[in-house]
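One structure is given below, encoded as structure tokens.
The values are calculated or read from the model by the stated rules, or taken from the named source; none is laboratory data. Keep in mind the model is a prediction, meaning the values are calculated, not measured. Here the Cβ positions follow ideal geometry from the backbone for every residue, glycine too, while neighbour counts run over all protein chains shown.
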Amino acid sequence: MEKALLSRYLGSILVTVLATLLAKMLSVILSPTDAVMIYLAASVFVAARFGRGPSVLFSILSCASYNFFFAEPLYTFEMYNRSSWLTLLVMLITGLVISGQAINLRRQEQLTRESTVAAENERIRNLLLSSVSHDLRTPLASITGASSSLMQNSMPEGIVKELAGSIHQEAARLSRIVSNLLDITHIESGAITLNRQPYYIDELIGAALSQVPAGKHKLETHVEKDLPLVYADGLLIEQVLVNLLENATKYAPQGSVIALDARRSGDEITISVADSGLGIPQGDEKKIFEKFTRRASDKSGSGLGLAICEGIIKAHQSRIWAENRPEGGALFSFTLPVAVNVSEEVPHA
């Protein structure tokens, strides 16, 4: 702290020297009064850059420099002309006033930035509370209703199984919501750590497909033959694939095909998930990866899935992007680096 304060005072002295040299170099075409303007301009820079203390020091030094180099008699601190005293007094007062105004402006800018940050944090907090309360309300209501029904006597076995299945499904949904919130918190705090290992991409794809019910969609995979191993955190990449597949099943029409493709592109493997839905609104290809972004028609989901995907892929120092398919629908793609110099032992996803 003391070192930083000393550097600001030294900076103030350096600016005084530079302003004096500039004024002296221009003295052949400028009057001594014009030199005052150079000092005053420099005082604004010092106040904005170094703060109040160095600014006061600059005002004093600049007055002394003006007296020594520009006021008659030159190169002395004596002054015979009364107007020179007045010039110095006005210069000192004006310099201090300008410095004070510059400092106040700097403080106001800082307060404005803090206010903007606080407003943005409040907006995000409100979005989070709104999103979480909405997402939690639906599964909790389903679980409460199903469990209340189970408490009734003489319920047919088929109905019991159906209600138990509903409770299990909604509990899993709650688990995903909480998991997404924890994941986005870890990603934004930089606490995410990668356990990178070599994996066959088709094993990661298979593991992800086993976690996503196809429902009334047709899931198709197209994995290029003899793909090399990828170097990644298998569990996190599975989560990316699951999020992309769930996103596709949410927006693709029933009975349509959801295609998962993997192919080599140089030293990378590109994995893509394509659907036949409405596609991405023009200009929103990057925006959809922001937190809490979801379609107006989407009444489920927290808008965190794609943000989590982007955070995980960026942690791998790789790329993820979205685009519209020429034939209709959306295409989400990401890359993973090819593993090099790895053991021949077959890894497990």
Q) For the subset of segment 296-324 comprising residues that are closer than 29 Å to Y199 by Cα and among the basic types (K, R), which member is modelled with the lowest pLDDT? A) K314
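Quick check on my filter: what residues within segment 207-252 are among the basic types (K, R) and more than 29 Å from the chain's Cα centre (by Cα)? Give the steps one after another, and end with the answer.
Start the filter on segment 207-252 by keeping residues that are among the basic types (K, R), which leaves 216, 218, 225, 250.
Within segment 207-252, K216, K218, K225 meet the criteria.
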Q) Got a number for residues in segment 26-60 being polar (S, T, N, Q) and surrounded by fewer than 21 Cβ atoms within 10 Å (Cβ to Cβ)? A) 3
Q: Could you please find all residues in segment 61-74 being surrounded by fewer than 16 Cβ atoms within 10 Å (Cβ to Cβ) and either under 30 Å from Q110 (Cα atoms) or touching a residue at least 12 places away in the same chain (Cβ under 8 Å) (or both)?
A: A64, E72
Q. Pick from S149, S142, S131: which is at pLDDT below 70 and part of a helix (DSSP H, G or I)?
A. S131
(Q) I'd like to know if segment 235-246 contains one or more residues that are of a type outside the set (A, V, I, L, M), surrounded by 15 or more Cβ atoms within 10 Å (Cβ to Cβ) and within 19 Å of E323 (Cα to Cα). (A) yes
(Q) Restricting to segment 201-235, name every residue that is within 13 Å of I271 (Cβ to Cβ), not in a strand (DSSP E or B) and not small (G, A, S). (A) I201, D202, E203, L204, I205, L209, E224, L227
Q: Within segment 281-295, work out how many residues are modelled with pLDDT of 75 or more, assigned to a loop (DSSP other than H, G, I, E, B) and under 14 Å from A330 (Cα atoms).
A: 6
Q) Before we move on, is A23 free of Cβ contacts under 8 Å to residues at least 60 places away in the same chain, buried (at least 18 other Cβ atoms within 10 Å of the Cβ) and either under 15 Å from C63 (Cβ atoms) or β-branched (V, I, T) (or both)? A) yes
Q. What number of residues in segment 29-63 are assigned to a loop (DSSP other than H, G, I, E, B) and either more than 19 Å from L6 (Cα to Cα) or among the aliphatic types (A, V, I, L, M) (or both)?
A. 3
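Return the residue satisfying two criteria in turn: it lies in segment 181-200 and is assigned to a loop (DSSP other than H, G, I, E, B) and out of contact with any strand residue (DSSP E or B) (no Cβ under 9 Å at 6 or more places or on another chain), and of such residues it is modelled with the lowest pLDDT. It would help to see each step written out before you state the result.
Narrowing segment 181-200 to residues assigned to a loop (DSSP other than H, G, I, E, B): 190-196, 200.
Restricting the remaining residues to those that are out of contact with any strand residue (DSSP E or B) (no Cβ under 9 Å at 6 or more places or on another chain) gives 190-193, 195.
On the way: G190: 68, A191: 64, I192: 72, T193: 77, N195: 86.
Of everything passing the filter in segment 181-200, A191 is modelled with the lowest pLDDT.
Filter segment 207-221 for residues that are of a type in the set (A, V, I, L, M) and buried (at least 18 other Cβ atoms within 10 Å of the Cβ); which is modelled with the lowest pLDDT?
Filtering segment 207-221 down to residues of a type in the set (A, V, I, L, M) leaves 207-209, 212, 214, 219.
Keeping just the survivors that are buried (at least 18 other Cβ atoms within 10 Å of the Cβ) gives 207-208, 212.
Details: A207: 90, A208: 90, V212: 82.
Ranking the candidates gives V212 first.
Yes or no: S31 in the same structural domain as F70 (by TED's automatic domain parsing) and under 43 Å from the mean Cα position of the chain (by Cα)?
On the way: in the same structural domain as F70 (by TED's automatic domain parsing): yes; under 43 Å from the mean Cα position of the chain (by Cα): no.
It is false that S31 is in the same structural domain as F70 (by TED's automatic domain parsing) and under 43 Å from the mean Cα position of the chain (by Cα).
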Q. Looking at (1) in contact (Cβ under 8 Å) with a residue 12 or more places away in the chain; (2) surrounded by 13 or more Cβ atoms within 10 Å (Cβ to Cβ); (3) of a type in the set (A, V, I, L, M, F, W, C), can you tell me which one F77 breaks?
A. (2)
